[in-house]
Structures are given as C-alpha cells and as structure tokens.
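Right, one structure below, let's go through it.
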Amino acid sequence: MDAPRVEQTKALEPPANQVVPKWFVFSSGAILATTGVARIWSSFGNAKLLWHPDPVLGIEFRHLMLAVGLLELGIAFICCCTKKTDLQHFW
C-alpha cells in the first residue's frame, strides 16, 4: 500500500503574511507623504484661521500645521525608504 502524498506549497511564493505588510506600509507611506505635502502647502495660505493660536498647545495653527506636515513627511520617508521592517511597522 502506498503512503498518501502530501501536497507541497510552492516555494517561490512568499507567505501571505509577508506580502500584505509590505504593500500596506508602502501605501501608508504614500498617503502620509501626500497629506504631509498638502498640510505644508496649506500652512503657507492666507486663511485667517492660520493666525489664531491652538487652544491646547498655544501656538499658531500655521506653525502647528507646518510641524505636523514635516512629521508626516518624515514618517513617510521611514515607511518608503527604510529596509528596517520593525521601524516601519512601529511608525
């Protein structure tokens, strides 16, 4: 009597749990880069709201939006240009 054959998975395909995080991290970085550029762009606008201070932090919305936009661009750089997956997943 022959032993039952066990089907082997294809060795060339990466496991599904490794494909999704890379795609997710890259798309998250692209979205953060887009919103970061939009935030920086809008911080140089003429809206009167930008001159008012934030009620929590006490700094002008213009400076707050600029700081958050730069932070978003930094995180987007980490997500898209770094090979360290632990750091990408943290941010």
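Quick notes on this structure:
- In the set (1) at pLDDT 90 or above; (2) part of a helix (DSSP H, G or I), the condition left unmet by residue 26 is number (1).
- Residue count for the stretch 72-91, restricted to those that are part of a helix (DSSP H, G or I), among the hydroxyl-bearing types (Ser, Thr, Tyr) and surrounded by 13 or more Cβ atoms within 10 Å (Cβ to Cβ): 0.
- Leading residue by the ranking (surrounded by the fewest Cβ atoms within 10 Å (Cβ to Cβ)) among those in the stretch 42-71 that are among the polar types (S, T, N, Q) and in a helix (DSSP H, G or I): 42
- Residue in the stretch 76-86 that is more than 12 Å from the chain's Cα centre (by Cα) and more than 20 Å from residue 21 (Cα to Cα) present: no
- Failed condition for residue 7, given (1) modelled with pLDDT under 75; (2) surrounded by 10 or more Cβ atoms within 10 Å (Cβ to Cβ): (2)
The values are calculated or read from the model by the stated rules, or taken from the named source; none is laboratory data. Worth saying up front: this structure is predicted, and the values here are computed from it rather than measured. Glycine gets a Cβ as well: all are built from the backbone with ideal geometry, and neighbour counts include every protein chain shown.
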